[in-house]
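Participant: Next up is a structure, given as structure tokens.
The values are calculated or read from the model by the stated rules, or taken from the named source; none is laboratory data. Keep in mind that what you see is a predicted model, and the values were worked out from it rather than measured. Cβ sites come from the backbone with ideal geometry, for glycine too, and all protein chains shown count toward neighbours. When the accessible area is computed, the model is the full protein with side chains, heavy atoms only, and any ligands, DNA or RNA have been set aside. Shrake-Rupley method; radii C 1.70, N 1.55, O 1.52, S 1.80 Å.
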Amino acid sequence: MDLQFVYDLLGENAWSYIGATFVVLWFIVWLYRDSLEIEELTEKYVFVTGCDSGFGNLLCKKLDRKGFRVLAGCLTEKGADDLKRAAGPYLKTVLLDVASQDSIEKAMEWTKKEVGDKGLWGIVNNAGRSLPMGPSEWMRVEDFHSTLKVNMNGVIGMTMTFLPLIKKARGRIVNVASVLGRVAANGGGYCISKFAVESFSDCLRRDINYFGINVCIIEPGFFKTAVTSLDPLERELHRLWNQLTPEVQASYGDKYLDKYIKVQRFIMNAVCDTDLSKVTGCMEHALTAAYPRTRYSPGWDAKLLWIPLSYMPACVVDIGLRLVLPRPSKSV
């Protein structure tokens with residue numbers, strides 16, 4: 001069969017048909033490759049941080065049911081006890097504060113005894129905090145640092161400390177970033193820290209992929225967790241407002257705080273998804289897939305709003321935020 005016969009058969013749109021066929025075949029191969037899973041899950045250890053509640057707590061229960069040997073880092077004794085009662089006998093907990101390198105080192109020594117010569121198949125850097133969050137001018141330097149210690153330094157500290165165990169198992173590093181690590185939509189340390197997680201993960205992936213280690217980034221949209229709970233967010237906004245000087249308060253105006261809170265309530269109620277399994281499903285895939293993806297973006301808002309916005313010119317995002325957020329009374 002020569003090319004001329006193909007052209008005569010398909011007509012003048014031959015290249016379009018050939019291109020479409022190639023795209024369909026590529027997509028089928030990608031779906032098949034994406035569905036392949038690793039074996040011997042019951043022999044693999046996974047360490048998850050931030051397991052008191054939210055994504056980390058749900059992920060530990062899912063991995064435990066799947067047969068993994070789960071090592072859960074919890075910030076509080078209550079969180080650790082509650083998780084142990086809800087899981088099987090192979091899930092173990094350890095108290096961990098990722099903002100403290102001493103706490104990380106202790107967790108590493110404990111983990112080393114647990115995994116023995118098998119190494120650590122996966123680490124999920126899930127622990128994080130969002131507060132304080134608000135207009136940048138309202139922050140003090142220590143407000144930035146308190147978030148960066150957990151979300152940025154904690155991820156780096158955990159990863160670099162546990163890397164020898166992961167290297168031994170040729171395992172996975174799963175770092176939880178955010179769509180706000182692509183679009184900086186508000187002030188404070190949260191967006192800064194998530195941009196840092198994205199960059200750190202990209203650099204790390206390119207440096208250590210030679211050793212058979214996969215680095216995956218989870219970029220969730222807005223979900224209903226402790227991080228997006230309105231009461232703490234609003235308490236922090238009031239605290240930030242009250243610590244401002246009278247001159248700064250006057251530049252924003254007496255009604256600015258109330259307007260800002262109303263906008264925040266509207267956005268959170270409209271956008272936040274209640275189905276946390278969309279995020280933990282991505283985490284699980286990153287740990288169990290034979291060929292994990294580099295990035296996962298769970299949530300309809302991530303796919304339809306934030307990710308497309310991240311590719312737009314900066315002026316588009318600037319205009320959008322100006323239309324949504326209140327205007328200070330003494331703006332020019």
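Participant: Within the range 101-130, take every residue that is part of a helix (DSSP H, G or I) and among the β-branched types (V, I, T) and give me the one that is farthest from L148 (Cα to Cα).
Facilitator: Initial filter on the range 101-130 (part of a helix (DSSP H, G or I)): 101-118.
Checking the rest, the ones that are also among the β-branched types (V, I, T) come to 104, 111, 115.
Numbers: I104: 16, T111: 25, V115: 30 Å.
The qualifying residue farthest from L148 (Cα to Cα) is V115.
Participant: Can you tell me how many residues within the range 128-160 are modelled with pLDDT of 95 or more and closer than 25 Å to T280 by Cα?
Facilitator: Counting residues in the range 128-160 that are modelled with pLDDT of 95 or more and closer than 25 Å to T280 by Cα gives 14.
Participant: May I ask you to list the residues in the range 88-115 that are open to solvent by 20 Å² or more (accessible area, probe 1.4 Å) and among the small types (G, A, S)?
Facilitator: First, the residues of the range 88-115 that are open to solvent by 20 Å² or more (accessible area, probe 1.4 Å): 88-90, 92-95, 97, 99-103, 105-106, 109-110, 112-114.
Within the range 88-115, G88, A99, S100, S103 meet the criteria.
Participant: Continuing with this model, one more query. For G128, are the conditions met, namely being open to solvent by 20 Å² or more (accessible area, probe 1.4 Å) and touching a Phe, Trp or Tyr at 6+ places or on another chain (Cβ under 9 Å)? Quick ask: steps written out before the conclusion?
Facilitator: Details: open to solvent by 20 Å² or more (accessible area, probe 1.4 Å): yes; touching a Phe, Trp or Tyr at 6+ places or on another chain (Cβ under 9 Å): yes.
Spelling it out, G128 is indeed open to solvent by 20 Å² or more (accessible area, probe 1.4 Å) and touching a Phe, Trp or Tyr at 6+ places or on another chain (Cβ under 9 Å).
Participant: Can you report the number of residues in the range 247-261 which are touching a residue at least 60 places away in the same chain (Cβ under 8 Å) and part of a helix (DSSP H, G or I)?
Facilitator: So the count comes out to 7.
Participant: Of all the helices (runs of 4 or more DSSP H) wholly in the range 132-242, which have at least 3 residues that are acidic (D, E) and either surrounded by fewer than 16 Cβ atoms within 10 Å (Cβ to Cβ) or under 19 Å from the mean Cα position of the chain (by Cα) (or both)?
Facilitator: Details: elements: 141-148, 154-169, 189-208, 230-242.
Hits in the range 132-242: 189-208.
Participant: Shifting gears a bit: Could you check, for the range 79-102, whether at least one of its residues is of a type in the set (V, I, T), touching a Cys at 6+ places or on another chain (Cβ under 6 Å) and touching a residue at least 60 places away in the same chain (Cβ under 8 Å)?
Facilitator: First, pick out the residues of the range 79-102 that are of a type in the set (V, I, T): 93-94, 98.
Filter again for touching a Cys at 6+ places or on another chain (Cβ under 6 Å), leaving 93.
Pick out the ones that are also touching a residue at least 60 places away in the same chain (Cβ under 8 Å) and you get none.
No, the range 79-102 contains no residue that is of a type in the set (V, I, T), touching a Cys at 6+ places or on another chain (Cβ under 6 Å) and touching a residue at least 60 places away in the same chain (Cβ under 8 Å).
Participant: Here's another thing I want to ask about it. Please go through the range 69-78 and pick out each residue that is within 21 Å of the chain's Cα centre (by Cα) and either open to solvent by less than 50 Å² (accessible area, probe 1.4 Å) or under 21 Å from E39 (Cβ atoms) (or both).
Facilitator: Of the range 69-78, the ones within 21 Å of the chain's Cα centre (by Cα) are 70-75.
Those that are within 21 Å of the chain's Cα centre (by Cα) and either open to solvent by less than 50 Å² (accessible area, probe 1.4 Å) or under 21 Å from E39 (Cβ atoms) (or both): V70, L71, A72, G73, C74.
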